[in-house]
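Input: a single structure, listed below in C-alpha cells.
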Amino acid sequence: MIPGTRLAVTSAYDSAVGIFDLESGEVELLGYHDHLVNRIVVSPDGALAASCSSDYSICLWDLRTRRKVMTLLGHSDDVEDFVFADAETGVSASRDWRLLVWDLRTGAVRRVLEGHQKDVLVLAVAEGRVYSSGDDMTLRVWDLATGEQLSLIGPFEDETDTCAIDPGRKRAILGCDDGCIRVFDTASGQATHVIEAHASGIKKVAVSAATGDILSAAYDQKIVIWDAATLEARLELDSTSATWERSLTWSPDGAKIVGGTFDGTVLVWDSATGRLESEIGEPGEVPGNPCFNEVAAGPSGTFVVVSDDGFVRRGRLTPEEGRWECRCEPLSGRILANAVTYDEEYRMVVTGAHDHTVHIFDSTPAGLEREREVALGEGPINSVRIARHRGYERDVFVACYSSAIVRLSPEGEIEGKVSVHEGAVKSLRLHPAKRVGVSCGADGLLLGWSFEGELLHRYLGHTAIINDVDLEPGGERLASVSRDFSLKIFELETGRMQQTIPIGRKSLKSVCFWSDEVVLVGDYWGGLIRVDLKSESYERAVVAGNGISSVARCGGHAVLTSYDGAIYLVRPDLAVVRSLRAMHQRLARAA
C-alpha cells in the first residue's frame with residue numbers, strides 16, 4: 001500500500017504494474033515489463049514503487065506523476081525481490097545468486113554482494129543490515145555500508161522461501177518448507193523459537209511495522225496471524241479459493257491485510273477479526289484468468305487444459321478447426337490447477353490442483369462427467385499421468401509438492417507411493433512399455449524408478465531446478481530442461497548423459513521429445529525452440545505473448561499452452577497452424 005492513501009500498487013504474471021483504489025475499486029495501469037513481475041514494493045515515503053521482473057530488470061515508478069523514472073539493469077537472471085534501504089539506496093536479489101546495491105539517483109551499482117550458493121529469493125533491510133535468504137537454505141546478514149557478510153545462519157534442513165525482519169524486537173522470522181516458522185535473534189544468530197505453523201510449505205511471512213504481529217501463509221491454504229509478544233496464533237483469515245500466498249502485505253497502520261489472487265483481483269482483510277472485507281477488480285460474468293498451465297491431447301485433436309482460474313476445459317484443435325467443447329468447475333470449486341493428463345482410449349481426464357486435490361473425470365460426448373475427487377494432503381499437485389501397463393491399467397501417478405509420487409486407482413483409491421525425491425516433484429513421465437517412471441524436482445534431482453517404488457537411476461548433470469522431463473517415443477532416452485539454461489539427454493537404462501546442449505539465457509520451462517533427432521523446448525519468454533540432436537544446434541521462434549508452460553503431442557502436430565491465455569497448434573518446424581484463445585492478457589499498454 002502507498003502510505004497515507006487508500007491505494008495499493010500491484011504487479012502480476014501478465015507483466016503489468018498497476019494501482020488499485022481500495023475504496024472506489026478503480027484500477028490504473030502504470031506500464032509493463034517485458035516479462036512477469038515477481039515483486040512490487042513502495043518506498044517508506046510513498047514517492048516511489050519498484051517492480052522486480054523475470055526480464056532481469058527493476059523498474060522505478062514515480063507514484064505522483066504515474067511515470068516510470070528509471071530502469072535498473074545489472075542482473076543476469078530473474079529479479080525476485082527489492083528493498084528501499086533509504087531515499088538514495090536500494091538492494092535487489094536475483095536468481096543469479098547475487099545481491100546488488102543500487103544508487104537510486106544515478107541507477108549505478110554501488111556494490112555486488114556475493115556468497116549465496118543458489119538463487120536468492122527474499123530480502124529485508126533494518127538498521128544498516130541486509131538480510132537475504134534463498135534456495136541454498138541459508139540466511140545471510142550483510143553490512144549495507146561495506147558489503148561485508150557479517151554472519152551466516154544455516155544451512156537449514158528445509159528451504160526458506162520467505163523471511164521478514166522485526167527490527168524492534170531484533171529478530172528474523174523465516175518461513176520454511178516444512179511448515180515451520182523459525183525465529184532467530186539478529187544479534188547473536190541463535191534460534192529462539194520454532195513454531196509448527198502449517199501443514200505444508202510456507203510461502204510468505206510478513207511482520208506488521210505497527211504491531212510486530214506476524215503473518216504466515218502456506219500451501220495448506222491457510223493465512224494465520226501470530227501475536228508478536230507470545231508467538232501464539234491469534235486468528236486465521238477468511239479463506240478464498242484463489243488466494244495467492246506470496247502476494248500479501250500489511251497496511252502501514254497494521255489495520256488491514258492486502259493480497260492478490262490468481263483471478264487478478266485484490267483482497268482486503270480486517271487484521272483484527274480476520275474478516276474478508278472486499279474483493280476488488282472482479283472481471284465480470286466469467287471469473288478468473290485462464291493462464292494455461294498444462295495441456296494433454298489425443299491423436300484425434302481433442303485436448304484438455306488446466307489453468308490459474310481453476311476451470312478444466314476441453315476442446316478440439318486441428319489444422320481444420322479450433323473450438324472449445326466444454327468448461328467444467330470441479331466439485332470442490334475453482335482452485336488453481338497445474339496438472340492434467342488425458343487418455344483418449346480410456347476416456348479419462350485427470351487433473352491436479354493447488355489445494356492438494358486430484359480430480360478424475362470420465363470424458364464423454366456430453367462433457368467431463370462422474371468426477372472422483374481425492375484429497376491427498378501432499379501439497380500442490382504438479383504433474384499427473386495415466387498408466388497403460390499390465391497390472392496397472394488406468395492407474396494414476398501423481399507428482400506432489402511434498403516430494404511424494406502417489407499412485408491412485410481409477411476410482412481414486414491410494415494404491416501406493418514412490419518416495420525417491422527430497423523436494424517438490426515438478427514433472428513425471430511413464431515409460432510406454434516398461435513399468436518405469438522418470439521424474440524431476442525442485443531438489444535438482446532427475447530420477448528413474450519402478451512402479452513398485454524402487455529407485456533405479458539418478459541422472460546427474462543439472463546444476464539447478466529441473467522444470468520438465470520427457471521420454472523419447474520409443475522410451476530409450478529422456479530429455480530434461482532446467483534453470484541452468486540447458487537441455488540434457490540421458491540413456492534411460494544406464495543413466496549415462498549423452499548430450500548437454502546450452503540454450504541461450506532465457507529460462508526453459510517445458511520439453512517434448514518429438515523424435516529420435518528432434519526435441520521441442522518451451523521457454524518462459526514465449527519462445528518455442530527446435531533442437532536438432534545430431535548437430536546440437538537449435539532455432540527459436542516466438543510463438544506466444546508469455547511463457548510456454550507445456551508442450552504435448554497432438555496427432556502429427558505439437559500443442560502448446562501459454563500463460564498468455566491461448567493454445568497453439570504448431571508444426572515441428574515451429575510454424576503455428578492454428579490457435580484458440582480464452583483470454584487476451586494485455587488489455588492495454590500504458591503510454
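Taken together, ARG140, ARG111 contain a single residue that is farther than 16 Å from CYS52 by Cα, part of a strand (DSSP E or B), among the basic types (Lys, Arg) and at pLDDT below 95, which is ARG140. Restricted to the stretch 153-232, the set of strands (runs of 3 or more DSSP E) holding at least 3 residues that are open to solvent by 50 Å² or more (accessible area, probe 1.4 Å), touching a residue at least 12 places away in the same chain (Cβ under 8 Å) and of a type outside the set (Lys, Arg) comprises 191-196. Pairs linking a residue in the stretch 317-346 that is farther than 22 Å from PRO410 by Cβ and in contact (Cβ under 8 Å) with a residue 24 or more places away in the chain to a residue that is open to solvent by 60 Å² or more (accessible area, probe 1.4 Å) and assigned to a strand (DSSP E or B), with Cβ atoms under 6 Å and 6 or more positions apart or on different chains, are GLY322/ARG578.
Selection over the stretch 432-449 of residues that are modelled with pLDDT of 95 or more and open to solvent by less than 10 Å² (accessible area, probe 1.4 Å) gives a count of 8. Within the stretch 68-93, the set of residues being in a strand (DSSP E or B), closer than 19 Å to THR106 by Cα, charged (D, E, K, R) and touching a residue at least 12 places away in the same chain (Cβ under 8 Å) comprises just one member, LYS68. Can you confirm whether the stretch 544-551 contains a residue that is of a type in the set (Ser, Thr, Tyr), over 20 Å from PRO473 (Cβ atoms) and either crowded, with 23+ Cβ neighbours inside 10 Å or free of Cβ contacts under 8 Å to residues at least 12 places away in the same chain (or both)? Yes: the stretch 544-551 contains one or more residues that are of a type in the set (Ser, Thr, Tyr), over 20 Å from PRO473 (Cβ atoms) and either crowded, with 23+ Cβ neighbours inside 10 Å or free of Cβ contacts under 8 Å to residues at least 12 places away in the same chain (or both). Screening the stretch 19-65 for strands (runs of 3 or more DSSP E) wholly inside it with 3 or more residues that are in contact (Cβ under 8 Å) with a residue 40 or more places away in the chain and under 24 Å from ALA126 (Cα atoms) returns the ranges 37-42, 48-53, 57-62. Among the residues examined, THR240 qualifies as hydroxyl-bearing (Ser, Thr, Tyr), farther than 28 Å from TRP142 by Cβ and over 18 Å from the mean Cα position of the chain (by Cα). All of (1) more than 25 Å from ILE465 (Cα to Cα); (2) surrounded by fewer than 18 Cβ atoms within 10 Å (Cβ to Cβ) hold for SER76 with one exception: (1).
Considered as a group, the residues in the stretch 394-412 that are in a loop (DSSP other than H, G, I, E, B) and either small (Gly, Ala, Ser) or free of Cβ contacts under 8 Å to residues at least 12 places away in the same chain (or both) include one that is nearest to LEU445 (Cα to Cα), and that residue is SER403. May I ask you to verify whether THR106 is modelled with pLDDT of 90 or more, open to solvent by 10 Å² or more (accessible area, probe 1.4 Å), more than 21 Å from ASP55 (Cα to Cα) and β-branched (Val, Ile, Thr)? No; evaluated as a whole, the condition is false for this residue.
Only one of the numbered conditions (1) buried (at least 23 other Cβ atoms within 10 Å of the Cβ); (2) of a type outside the set (Ser, Thr, Tyr); (3) over 25 Å from GLY547 (Cβ atoms) is violated by VAL350, and that is (3). List the strands (runs of 3 or more DSSP E) that sit entirely inside the stretch 458-533 and contain at least 2 residues that are of a type in the set (S, T, N, Q) and open to solvent by less than 10 Å² (accessible area, probe 1.4 Å). Answer list for the stretch 458-533: 477-482. Candidates are the residues of the stretch 534-543 that are in contact (Cβ under 8 Å) with a residue 12 or more places away in the chain and not in a strand (DSSP E or B); the one that is least open to solvent (accessible area, probe 1.4 Å) is VAL543.
All told, PHE311 falls short of being open to solvent by less than 40 Å² (accessible area, probe 1.4 Å), among the aromatic types (Phe, Trp, Tyr) and touching a residue at least 40 places away in the same chain (Cβ under 8 Å).
For the stretch 109-120, a residue qualifies if it is under 23 Å from LEU248 (Cα atoms) and open to solvent by less than 10 Å² (accessible area, probe 1.4 Å), and exactly one does: VAL120. For the stretch 81-96, the set of residues classified as closer than 18 Å to ALA464 by Cβ and modelled with pLDDT of 95 or more consists of ALA93, SER94, listed by residue number. Only a single criterion out of (1) within 30 Å of ASP468 (Cα to Cα); (2) in a strand (DSSP E or B); (3) open to solvent by 10 Å² or more (accessible area, probe 1.4 Å) is not satisfied by SER278, namely (1).
Checking each residue in the stretch 565-585 for being open to solvent by less than 10 Å² (accessible area, probe 1.4 Å) and part of a loop (DSSP other than H, G, I, E, B) picks out only GLY565.
Within the stretch 82-97, restricting attention to residues that are of a type in the set (Gly, Ala, Ser) and surrounded by fewer than 23 Cβ atoms within 10 Å (Cβ to Cβ), the residue that is nearest to ALA126 (Cα to Cα) is ALA85. With respect to the conditions (1) surrounded by fewer than 24 Cβ atoms within 10 Å (Cβ to Cβ); (2) in contact (Cβ under 8 Å) with a residue 24 or more places away in the chain, VAL130 lacks only one, and its number is (1).
The values are calculated or read from the model by the stated rules, or taken from the named source; none is laboratory data. All of these numbers come straight from a predicted model, not from anything done at the bench. Positions of Cβ are backbone-derived with ideal geometry, glycine not excepted, and every protein chain shown enters the neighbour counts. Note: areas computed on protein heavy atoms with side chains; ligands, DNA, RNA excluded. Shrake-Rupley method; radii C 1.70, N 1.55, O 1.52, S 1.80 Å.
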